[in-house]
Each structure stands twice: as C-alpha cells, then as structure tokens.
Amino acid sequence: MLLMLSLALALQACAPTTNEDSRQATSDVEDKIQNEVVDDRQACDIERENELEARMRKITSQLESMTIEEKIGQMLITSIEERTPGAAPILSPASADLIRDKKIGGVIFFGYNIDTEESTQELIAEIKKISRETSNLPLFYALDEEGGSASRLPKKKKKTPSAGSIGATG
C-alpha cells in the first residue's frame, strides 16, 4: 500500500498540474489506500470470527459427546500416589486407574512425586500415555510450588524467588 502511494505521488509529480490538482490526487490515493486497509482489517476480522466459530463447534461437539462423569472428571486436578524416590516412575495401579477410568482433567505434583528432572519427565510421559488410552483431551499439570523453603523443583532447576520475597517488592 505504501508502494502504491509512493508510485502515485511520483507519477503525479511528473504531470503538469496545479497545486489543487496535486492535493486532490494525493487525497484520492490516500482515500483508496485507507479503504483498502479497512477492507483488509474487515477480512481479517471475518477470518478470526470463522476460526473462533469452528473452534466453538469443535468444543461444543466434544462436550456433547461426553458423559456427565467425564465432564466432572475434567474439572478435577488430583494428586497421584507417592512413589519411592529413585525408583522407576511407575504409577500405582490406583493412580493409573484414576487417570484412565475417571478421565481427570489434570495432575498436581507434590514433593513425593518428584525426584530428578529425568524421572519426573518419565513420570509425565507415563501419565500422558495412560491418559491418551482413553481420552483425546490433554491433561493440565500443576506443581505444589510456593518457592523458598516449600520448593518442589529439583535443586539444580530451583531459581525462583519465594512468594514472600516477591510480595516484599510491593
């Protein structure tokens, strides 16, 4: 659009015209460019609306296909049973059943679930695998993490300030 304006102005400069003719031609070009910008914005708005409507139809369809038990499960974020630090990240049968059968919305990790970065990644991969067996909805993952002395992150990844020190900043 800027190129069109520049070209129009350059061409206008070559033609013998009065100042009034030149101002009118420039104004006409500016109006045309402004109209094109408005048209482009309207086209983008329509495209966004169409994308949003398509997503809403998909979500509505998903919700309509779910049982009441599955909908309730999606509102729950639960903890999983304690595991032995350093042990393979194998979920207990009860935790696996909870994920598989109740189709929960997410999992929260506490200190007893986290040993090393690698074992935590393996545990999450196992949870995802079990969840995907029965649901196409992704899980929400949460961490009981206040920072400071109540940190659940592995020490080498712990670079967050405590909640108290953040609050003290105002």
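With all protein chains present and a 1.4 Å probe, how do F110, F140 order by accessible area, largest first? Provide the component values of the computation, followed by the final result.
Values: F110 60, F140 120 Å².
Most to least solvent-accessible, the answer reads F140, F110.
Let me check something: with ligands and nucleic acids excluded, how do R57, R132 order by accessible area (1.4 Å probe), largest to smallest?
Numbers: R57 145, R132 170 Å².
In descending accessible area the options line up as R132, R57.
Rolling a 1.4 Å probe across all protein chains gives K58 an accessible area of roughly 150 Å².
Heavy atoms only, 1.4 Å probe, whole protein assembly: order M56, M66 by accessible area, highest first.
Values: M56 100, M66 25 Å².
If we order M56, M66 from most to least accessible, we get M56, M66.
For L98, the solvent-accessible surface with a 1.4 Å probe is about 50 Å², rounded to the nearest 10.
The values are calculated or read from the model by the stated rules, or taken from the named source; none is laboratory data. All values reported here derive from a predicted model rather than from experimental measurement. These accessible areas exclude ligands, DNA and RNA; they are computed on the full protein's heavy atoms, side chains included. Shrake-Rupley method; radii C 1.70, N 1.55, O 1.52, S 1.80 Å.
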